[in-house]
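See structure below.
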Amino acid sequence: MVDVVCVMEALAEQGVTVLFKADAERMRDGVRPWTFVANGGPFHEDLLVRTDAASVEDCLKTCLPRLRDRGLVIPE
């Protein structure tokens, strides 16, 4: 499993703002309670990668390839 803290630190070091959110209401309702958002940065002004998913792992599976495709370096 990917270390979430390492991922967030690696992105922040590259000027990207990262947010992970767990929504209690959506968790209670069983509807994709986790949200991942990565945006901005001095070299990535148009960067916006976002997903809502059932787990942290699912968020990362969706978003990390998209971030890597944009040239960001993220630990395995």
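Here are some notes:
- Taken over the range 28-48, residues that are without any contact (Cβ under 8 Å) to a residue 12 or more places away in the chain and either under 16 Å from C6 (Cα atoms) or charged (D, E, K, R) (or both) amount to 4.
- Only one of the numbered conditions (1) in contact with a helix residue (DSSP H, G or I) (Cβ under 6 Å, 6 or more places away or on another chain); (2) outside any loop (DSSP other than H, G, I, E, B); (3) touching a residue at least 60 places away in the same chain (Cβ under 8 Å) is violated by A10, and that is (1).
- The residue pairs whose first member lies in the range 49-63 and is touching a residue at least 12 places away in the same chain (Cβ under 8 Å) and in a strand (DSSP E or B), whose second member is of a type in the set (S, T, N, Q) and open to solvent by 20 Å² or more (accessible area, probe 1.4 Å), and whose beta carbons are closer than 6 Å, counting only pairs six or more residues apart or on different chains, are T51/T62.
- Test: residue in the range 18-27 that is in contact (Cβ under 8 Å) with a residue 24 or more places away in the chain and either open to solvent by 70 Å² or more (accessible area, probe 1.4 Å) or touching a Gly at 6+ places or on another chain (Cβ under 6 Å) (or both): no
The values are calculated or read from the model by the stated rules, or taken from the named source; none is laboratory data. Please read these numbers as outputs of a predicted model, since none were measured by experiment. A quick note on method: Cβ atoms are made from the backbone with ideal geometry, for glycine too, and the neighbour counts reach across all protein chains shown. Heavy atoms of the whole protein, side chains included, go into the accessibility calculation; ligands, DNA and RNA do not. Shrake-Rupley method; radii C 1.70, N 1.55, O 1.52, S 1.80 Å.
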